Amino acid sequence: MMSFLQRFLYNLWYAIRRPPWDSGITPPELWQFIRDNPPGRAIDLGCGTGTNAITLAQNGWHVTGVDFAKLAIERAREKARQQNAQVTFLMDDVTRLPEAIGPFDLVLDIGCFHGLPATLRPVYLKTISRILVPGGTWLLYARHKKDSSAALGIAEQDLARFEELFDLRKRQDGLDPTGRRSAWFWLSPRS
């Protein structure tokens, strides 16, 4: 479970200014996924102000967006209303999603996993494997750790955990806007 301090800090970002991760732009990797796959049910974990959830909904997907920052969810609901997009936005902890949620054809995570504390990552992975349909896609974007002592970022041990539950269909390495190593992952549940 995310701590009170984490919730407070994320809400503070949204209260003071636009957080650096909230670009308001749907990335080309998600646009390509939309072009290559028929609409289905999707969940956007760590959806922020809803940019990508709204994009999916406007392209025929039935979408749920989840974030634990109250201000982000309020803004996401307002954006969806203004754009006439049908999205269900939930203020919830992605590591404690209700058992009744799902199943989904697409689990979208753009920067949520790499921000989770290491202790919560195994629970998060099990949740994804529970809510993702066989043959579905977990589309993940994550920054790499700067070094082994860094709290944020994805590490080699995370990739090893992925292999226990998911098949890696594709990986695309690159750099984030600040020049930090990052990668996109297309994963499916192991059958």
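Structural remarks
- Output for the range 108-134, where each listed residue is outside any helix (DSSP H, G or I) and either hydrophobic (A, V, I, L, M, F, W, C) or at pLDDT 90 or above (or both): Leu108, Asp109, Ile110, Cys112, Leu116, Leu132, Val133, Pro134
- Looking across the range 33-80, the residues that are under 20 Å from Asp92 (Cα atoms), part of a loop (DSSP other than H, G, I, E, B) and of a type in the set (Gly, Ala, Ser) come down to Gly46, Gly48, Gly50, Ala69.
- Considering the range 135-176, and only residues there that are among the polar types (S, T, N, Q) and in a strand (DSSP E or B), the residue that is farthest from Glu29 (Cα to Cα) turns out to be Thr137.
Results for (1) farther than 24 Å from Ser182 by Cα; (2) touching a helix residue (DSSP H, G or I) at 6+ places or on another chain (Cβ under 7 Å), shown as yes or no for each residue.
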residue: Trp61; (1), (2): yes, no
residue: Val66; (1), (2): no, no
residue: Lys70; (1), (2): yes, yes
residue: Gln83; (1), (2): yes, yes
residue: Leu108; (1), (2): no, yes
residue: Gly115; (1), (2): no, no
residue: Ala118; (1), (2): no, no
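- Counting the residues of the range 81-107 that are among the charged types (D, E, K, R) and assigned to a helix (DSSP H, G or I) gives 1.
- Taking the range 30-51 as the range and being under 15 Å from the mean Cα position of the chain (by Cα), surrounded by fewer than 24 Cβ atoms within 10 Å (Cβ to Cβ) and closer than 22 Å to Thr127 by Cβ as the test, the residues that pass are Leu30, Phe33, Arg41, Gly46.
- Residue within the range 108-127 that is crowded, with 19+ Cβ neighbours inside 10 Å, under 25 Å from Gly40 (Cα atoms) and of a type in the set (Asp, Glu) present: yes
- For Arg169, the stated conditions hold: it is at pLDDT 85 or above, farther than 19 Å from Pro117 by Cα and out of contact with any helix residue (DSSP H, G or I) (no Cβ under 7 Å at 6 or more places or on another chain).
- In the range 87-106, the residues that are out of contact with any strand residue (DSSP E or B) (no Cβ under 8 Å at 6 or more places or on another chain) and either modelled with pLDDT of 95 or more or small (Gly, Ala, Ser) (or both): Ala100
- Ala142 fulfils the conditions (1) small (Gly, Ala, Ser); (2) within 13 Å of Asp44 (Cβ to Cβ); (3) touching a helix residue (DSSP H, G or I) at 6+ places or on another chain (Cβ under 8 Å) except for a single criterion, (2).
- For Thr137, the conditions (1) crowded, with 19+ Cβ neighbours inside 10 Å; (2) closer than 23 Å to Ala69 by Cβ; (3) in contact (Cβ under 8 Å) with a residue 60 or more places away in the chain all hold with the exception of (2).
The values are calculated or read from the model by the stated rules, or taken from the named source; none is laboratory data. Everything numeric in this text was worked out from a predicted model, so none of it was measured. Glycine also receives a Cβ, built like all others from the backbone with ideal geometry; neighbour counts cover every protein chain displayed.
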